[in-house]
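Heads up: the structure comes next, in structure tokens.
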Amino acid sequence: MPSATDHCCTCFYYDRDKCNEDKDHWCNLLDTFVGMFKICPGWKQREYSAEEIAERERLLALYNVNSVNNSNVKNTSKISKQKTKLVERELERDDTVKLFKHQVEAREKFKCLDEIALFFEMGCGKTLTSMMIMCDKFKEKKIDSLLIVAPNDVHKQWFDDLCDDDSVLSKAIAQEEVECDGQIIGGRGGQKELYEFDYDNNKLHIVCVNIDTFSTPSKWKPIVEWANEHNTAIILDEATVIKNHKSMRSQRMLYEFNDVKRRGRNTILSSTKKHPVRVVLTGTPVTNGPIDLWAIMEFVRPNYFKRNYYSFTNYYGMHTQLTAQDRVVNVLLNEKTWRGIKNCYDFAEAHSIFGCSEDTYLTVMHQDHYSGPYKHADELKMLLEPNAVFAKLVDCADMPAVNYIVRNISMSNAQKAAYSSMKKDMLAEFNEHVSYAKNKLVMSIRLQQISSGFITGHREVMNEDEPMWSDDAYDVMPDEVVWLDDTNPKLEALLRDIDELDKPLLIFTRFSAEAAKIYDKIKDNYSTMLFTGWKTTGTIEDFKVGKYDIIVANVSKIARGFNLQCAHTTLYYSNTFSMEIRQQSEFRTFRMGQQHPCTYIDYISCDIDKTIIEALRLKKSLLDYIRDRDAGSIF
């Protein structure tokens, strides 16, 4: 492992636009004027004014840091070889950071608690709150290191906020008189390997890493080793990334930082944290219902609910049984099955027809309407309260109104024909191209694509397996689709709204093919940038400063880590099935600093669009219940 002294030099003034990889550069070790953690693939040399030189010399004398002249060093664009270093900054009197009431209450609550769940909606300041709690733990000598695990780009947002002198987070840390060293590992903008720290008991040592690192075969191992060697607190941001407890990254996050006793390979007999301080951050802890909470709280404290995953899902979830290929499969209760159970004469009849448990039967019989496939929500909320704090943005700040608008649109004749064929035969044809589905899950994706105006066409039916149907991973590229005819009522309605609505404007789609189509339609009339997994034109920073009027983006790509209060209207051409992605994407505009009412427009042209919107609404109602202490029971 490289030594901590093999660091990169950082320029005195940070100016990303003046980078030049072909130039030699002069730099010094002190980077206090514009930021901490700063590194750059190349600096274009420029002359400094007498005032700038005097300021630099004053800071050098203040912190007793020697400058160096490194004029013969060639720049490198490989951030993976560079070591970042956080240096103290001078705090001006007018930079005082004041916490909101809900942040102060959370900080006070967790002064004596080490198992922490901050279920704050986006924009409520969970990043700042968690760092203030970590500063408290550091000053109490409970921790000397901090590991921040977050989705890709979100981990870089942490890193950038820590290094930006003007950010609230950086000012707050300086205000607490906590000095830090730090590194960023993995993902876009991160090093490829962990560098050894020069450990100092007076510094908090921070590593920001993206969650995908824990899906790799071995890149996660040095991070775990480092964390386990020290008194390390772990912050898991966007904690729903581990809701699938069977995934490799979830297993590693749940157990690699613990002392674990196993029977065989898969059976966990006991699990104990090696270090006490654990923090989870998310505004959507029950994106797909309470079942998501098991892995999140298992990370906070092993055996938090005193139930393993299967016992937890059976107790808090309502299931029916289906027999498929000689196997009995438990599936979550839908509204149609709920009505069937409701009409049964007794439990014996309900069990024989639907395979439900007696607990599920009794729950259904006590309900007057279908509220989702979940039960015992009161008990679940009570179990969360000792270690969780909930905050909604509208309760924490004076926020503008939110308007939801639905555009009901008919499909074209070509769309209707393809849609009907797909529902009936699980196959649709258009101009010798064929789209097919192997099961109902795939069919729902195909129907959504037809409602948007295209099919994923092949000249013949392929025999290859279908891809994994993941909200975050599955995408369709422009060259993989065939558009149905020249008429697309949904697209035409969207274009009319674009013409009439104030700019700047956000347009979100599920698939890159849709975003590319919309981009091609409007790029000649409006200053538009594309932000998809397929292609990106321009930057978010350019949009925020007014260079672009419209962003057309994949909703899953833009849903996390971007502050877009400069816009207040969002058009959803299509949605994923994930309530988390939908809610996170809404919080791009609805966050502190927004001055205008936020408007969200959905386009519905068929029953699959309607089903998706209703499913997202049901999941949100459950989340509202769990975090609302004064709400009446919906179960």
With the checklist (1) at pLDDT below 90; (2) at positive phi in hand, flag the one item Lys306 doesn't pass. (1)
Within the set of pairs 6 or more residues apart or between chains, which connect a residue that is more than 24 Å from Leu616 (Cα to Cα) and open to solvent by 50 Å² or more (accessible area, probe 1.4 Å) inside the range 373-387 to a residue that is of a type in the set (Val, Ile, Thr) and assigned to a loop (DSSP other than H, G, I, E, B) with Cβ atoms less than 7 Å apart? none
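Report, by residue number, each residue of the range 216-228 that is part of a loop (DSSP other than H, G, I, E, B) and touching a strand residue (DSSP E or B) at 6+ places or on another chain (Cβ under 9 Å). Let's see the steps before the verdict.
Here is the first cut: in the range 216-228, the ones part of a loop (DSSP other than H, G, I, E, B) are 216-220.
Listed by number, the residues that qualify are Lys219, Trp220.
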Only one of Glu298, Glu349 is on the phi < 0 side of the Ramachandran plot and either assigned to a loop (DSSP other than H, G, I, E, B) or without any contact (Cβ under 8 Å) to a residue 12 or more places away in the chain (or both), namely Glu349
Flagged in the range 512-556 as at pLDDT below 90 and β-branched (Val, Ile, Thr), in numbering order, are Thr532, Thr536, Thr537, Thr539, Ile540, Val545, Val555
Answer yes if at least one residue in the range 318-339 is aliphatic (A, V, I, L, M) and modelled with pLDDT of 90 or more, and no otherwise. no
So, Met422, is that one in contact with a strand residue (DSSP E or B) (Cβ under 8 Å, 6 or more places away or on another chain), open to solvent by 20 Å² or more (accessible area, probe 1.4 Å), under 20 Å from Ile608 (Cβ atoms) and free of Cβ contacts under 8 Å to residues at least 60 places away in the same chain or not? no
Is there any pair linking a residue in the range 434-445 that is in a helix (DSSP H, G or I) and at pLDDT 80 or above to one that is acidic (Asp, Glu) and open to solvent by 30 Å² or more (accessible area, probe 1.4 Å), with Cβ under 8 Å and at least six apart or on different chains, and which? Val442/Glu466
Would you please list the contacts, defined by Cβ atoms under 7 Å and residues six or more apart or on different chains, that run from a residue in the range 494-515 that is more than 20 Å from Ile581 (Cβ to Cβ) to a residue that is of a type in the set (Lys, Arg) and open to solvent by 10 Å² or more (accessible area, probe 1.4 Å)? Leu495/Lys521
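At pLDDT 85 or above and over 19 Å from Asp497 (Cβ atoms): which single residue out of Thr611, Thr576, Thr599, Thr570 fits that description? Please lay out each step first, then the result.
Working: Thr611 fails: at pLDDT 85 or above; Thr599 fails: over 19 Å from Asp497 (Cβ atoms); Thr570 fails: over 19 Å from Asp497 (Cβ atoms).
Just a single option satisfies the conditions, and that option is Thr576.
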Extreme residue, most open to solvent (accessible area, probe 1.4 Å), among residues of the range 508-527 that are in contact with a Phe, Trp or Tyr (Cβ under 6 Å, 6 or more places away or on another chain) and outside any helix (DSSP H, G or I): Ser527
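Take the conditions part of a strand (DSSP E or B) and open to solvent by less than 60 Å² (accessible area, probe 1.4 Å) and apply them to Val328. Does it pass? Walk me through it before giving the result.
Details: part of a strand (DSSP E or B): yes; open to solvent by less than 60 Å² (accessible area, probe 1.4 Å): no.
In short, no.
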Out of the range 229-257, which residues are outside any helix (DSSP H, G or I) and open to solvent by 10 Å² or more (accessible area, probe 1.4 Å)? His230, Asn231, Lys243, Asn244, His245, Lys246, Ser247, Glu256
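Need at least 2 residues that are modelled with pLDDT under 85 per element, so show me which helices (runs of 4 or more DSSP H) inside the range 86-171 make the cut, counting only ones lying wholly within it. Please lay out each step first, then the result.
Numbers: elements: 101-109, 126-139, 154-163.
Ranges flagged: 154-163.
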Subset of the range 241-288 [hydroxyl-bearing (Ser, Thr, Tyr) and within 24 Å of Pro217 (Cβ to Cβ)]: Ser247, Ser250, Tyr255, Thr267, Ser271
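Within the bounds of the range 259-275, is there any residue that is open to solvent by 10 Å² or more (accessible area, probe 1.4 Å), closer than 22 Å to Met134 by Cα and either outside any strand (DSSP E or B) or out of contact with any strand residue (DSSP E or B) (no Cβ under 9 Å at 6 or more places or on another chain) (or both)?
From the range 259-275, those open to solvent by 10 Å² or more (accessible area, probe 1.4 Å) are 259-275; that's our starting set.
Restricting the remaining residues to those that are closer than 22 Å to Met134 by Cα gives 272-275.
Pick out the ones that are also either outside any strand (DSSP E or B) or out of contact with any strand residue (DSSP E or B) (no Cβ under 9 Å at 6 or more places or on another chain) (or both) and you get 274-275.
Yes.
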Return the pair list, or none, for Cβ contacts closer than 6 Å from residues in the range 568-579 that are of a type in the set (Val, Ile, Thr) to residues that are not in a loop (DSSP other than H, G, I, E, B), at least 6 apart or on different chains. Thr569/Leu505; Thr569/Thr599; Thr570/Leu506; Thr570/Tyr600
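Quick test for you: out of Thr337, Thr363, Thr320, Thr313, pick the one residue that is in contact (Cβ under 8 Å) with a residue 24 or more places away in the chain, among the hydroxyl-bearing types (Ser, Thr, Tyr) and either farther than 26 Å from Ile612 by Cβ or out of contact with any Gly (no Cβ under 6 Å at 6 or more places or on another chain) (or both). Before you say what the answer is, go through the steps one by one.
Working: Thr337 fails: in contact (Cβ under 8 Å) with a residue 24 or more places away in the chain; Thr320 fails: either farther than 26 Å from Ile612 by Cβ or out of contact with any Gly (no Cβ under 6 Å at 6 or more places or on another chain) (or both); Thr313 fails: in contact (Cβ under 8 Å) with a residue 24 or more places away in the chain.
Going through Thr337, Thr363, Thr320, Thr313 in turn, the sole match is Thr363.
Residues in the range 543-563 that are touching a strand residue (DSSP E or B) at 6+ places or on another chain (Cβ under 7 Å) and either open to solvent by 30 Å² or more (accessible area, probe 1.4 Å) or among the β-branched types (Val, Ile, Thr) (or both): how many?
Initially, the range 543-563 is screened for residues touching a strand residue (DSSP E or B) at 6+ places or on another chain (Cβ under 7 Å), giving 543, 548-555, 557-558.
From the residues that got through so far, the ones that are either open to solvent by 30 Å² or more (accessible area, probe 1.4 Å) or among the β-branched types (Val, Ile, Thr) (or both) too are 548-552, 555, 557-558.
The number of residues fulfilling the criteria is 8.
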In the range 564-585, which residue that is more than 14 Å from Ile550 (Cβ to Cβ) and among the β-branched types (Val, Ile, Thr) is surrounded by the fewest Cβ atoms within 10 Å (Cβ to Cβ)? Thr576
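Out of contact with any Ser or Thr (no Cβ under 9 Å at 6 or more places or on another chain), within 24 Å of Leu380 (Cα to Cα) and part of a helix (DSSP H, G or I), is that true of Ser311?
Details: out of contact with any Ser or Thr (no Cβ under 9 Å at 6 or more places or on another chain): yes; within 24 Å of Leu380 (Cα to Cα): yes; part of a helix (DSSP H, G or I): yes.
So Ser311 passes the test.
The values are calculated or read from the model by the stated rules, or taken from the named source; none is laboratory data. Keep in mind that what you see is a predicted model, and the values were worked out from it rather than measured. Neighbour counts are summed over all protein chains in view; Cβ atoms, including those assigned to glycine, are modelled from backbone coordinates with ideal geometry. When the accessible area is computed, the model is the full protein with side chains, heavy atoms only, and any ligands, DNA or RNA have been set aside. Shrake-Rupley method; radii C 1.70, N 1.55, O 1.52, S 1.80 Å.
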